[in-house]
Amino acid sequence: MPSAIRPFGGLLKAIASLVTAAVLGGCGGSPDSSTPDSSIVIDQEVRLEGMEGTPQAIIRTSDGGFVIAGSWRDGWAAGTTSTGTLRWKYTEPGSRSTVSSVFSGAVSLANGDVLLCGEHHQQALVTVLDERGQLVERRDVLPPDGNAAIFLSSIHQCLRWNDGVALVGGGSDGRQPYFWLVKLEKNGREEWGRVSDGMAASSAIQAPNGDLIIARTEMRHSELVRFDHLGNLVGRRLIQGLSLQTMLLRPSGAAAEYALAVRYGETFGDVTMLTLTKELQDARGPIHIGPVSIGFPVGSGYVLPDGSAALFGVARGQSAVARVGSQGKSDVVHVFPRPDVGGATVSVGDAVPISGNQFVAVRNEVTAGTAGRSSMVLSWVTFR
């Protein structure tokens with residue numbers, strides 16, 4: 001298999017929006033309690049009882065409702081109204097004794113269906129549900145050009161791209177890892193595909209001009225690649241140095257003229273934000289946030305209208321929201337409280353904007369004890 005990116009074919013019918021990874025730690029400052037003068041305010045919360053597992057993605061549907069996707073032994077998804085009332089729940093068929101499937105993302109399609117993407121038994125998977133959560137289609141993602149030598153093991157991210165959908169995943173031929181990208185038309189037909197050797201994408205976003213920017217993390221560096229709408233590779237940049245994770249932050253509100261990348265490297269837990277031009281070069285000097293406390297890569301991130309970053313994930317072992325890099329303001333972290341003594345909030349798996357500064361975030365909570373109750377919590381979060 002050549003190392004250059006090359007076209008590939010394959011059978012597939014639709015896909016979805018994703019989950020990206022973010023590391024949240026201290027980010028400077030102490031945990032915020034959402035006092036009236038706070039720049040992070042929790043406006044309201046809705047608890048969905050009996051929902052087990054880890055939320056990986058949340059999207060907004062055309063009627064203002066939400067779809068949450070995640071995993072607990074098997075992949076699952078749930079639909080709610082705009083106020084958080086549960087409408088339906090879907091669970092992927094599989095074994096209840098072992099983890100057999102994971103959903104990493106979801107997207108609301110033009111016809112009202114919901115497309116879920118992920119993996120089952122280490123095989124890339126796409127599942128389509130109707131507006132009531134009923135199964136429409138479930139299929140594996142086939143190798144490029146039917147090449148059985150490459151095993152497509154997972155979909156790391158899927159997202160709406162212009163008038164279609166982009167699917168970004170990883171695989172292997174048993175000797176080395178491969179990165180792959182599929183572009184689907186809005187009706188689900190495959191338009192084109194690309195594959196190259198190297199690590200799979202850690203995150204992807206659509207640039208303001210319609211290109212797709214993908215971040216990949218290797219052992220000693222990160223790589224940013226940019227494809228135009230026809231699948232041509234139009235930009236590439238290596239960021240040298242130890243990178244635990246590179247994440248492209250999604251814009252909220254009006255599209256910015258740049259993408260904002262967060263890099264974790266140089267020293268363990270170090271965070272650097274890079275403001276990028278369309279050529280993937282630095283638009284201005286990097287913002288060094290500094291070492292953060294222990295966290296791990298879950299969650300998502302957005303660029304706020306003022307250029308600061310909203311990060312959703314984990315801080316100090318608890319679900320948290322952070323705002324960093326705001327001009328003239330100190331970094332702020334809000335750590336969600338435990339549901340009870342000995343209980344836990346696992347993480348903020350993802351968040352979706354409902355305005356430029358307001359988001360709905362989803363996290364999992366587990367009460368204490370061997371018979372602890374698990375629930376999903378939707379939080380309406382405003383960044384002032």
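The values are calculated or read from the model by the stated rules, or taken from the named source; none is laboratory data. Since we're looking at a predicted model, the values are computed, not measured. Cβ coordinates were reconstructed from backbone atoms using ideal geometry, including for glycine residues, and neighbour counts include every protein chain displayed.
Of note:
- The number of residues in segment 108-125 being modelled with pLDDT of 90 or more and part of a strand (DSSP E or B) comes to 4.
- If only residues of segment 179-192 that are basic (K, R) and surrounded by fewer than 20 Cβ atoms within 10 Å (Cβ to Cβ) are counted, the one that is nearest to the chain's Cα centre (by Cα) is K186.
- Consider segment 198-244 and keep the residues that are basic (K, R) and surrounded by 20 or more Cβ atoms within 10 Å (Cβ to Cβ). The one that is farthest from T277 (Cα to Cα) is R216.
- Summed over segment 281-301, the residues that are modelled with pLDDT of 75 or more and crowded, with 22+ Cβ neighbours inside 10 Å give a count of 2.
- Test: G25 is modelled with pLDDT of 90 or more and assigned to a loop (DSSP other than H, G, I, E, B): no
- When segment 336-364 is filtered for residues that are at pLDDT below 85 and assigned to a strand (DSSP E or B), the ones remaining, listed by number, are A344, T345, V346, S347, V348, G349.
- Flag not set for V195, criterion: modelled with pLDDT under 70, surrounded by 17 or more Cβ atoms within 10 Å (Cβ to Cβ) and in a strand (DSSP E or B).
- Test: residue in segment 34-41 that is farther than 21 Å from D130 by Cβ, among the β-branched types (V, I, T), surrounded by 17 or more Cβ atoms within 10 Å (Cβ to Cβ) and at pLDDT 50 or above: yes
- Any hit, segment 56-76, residues being more than 22 Å from S379 (Cβ to Cβ), part of a strand (DSSP E or B), without any contact (Cβ under 8 Å) to a residue 60 or more places away in the chain and of a type in the set (D, E): yes
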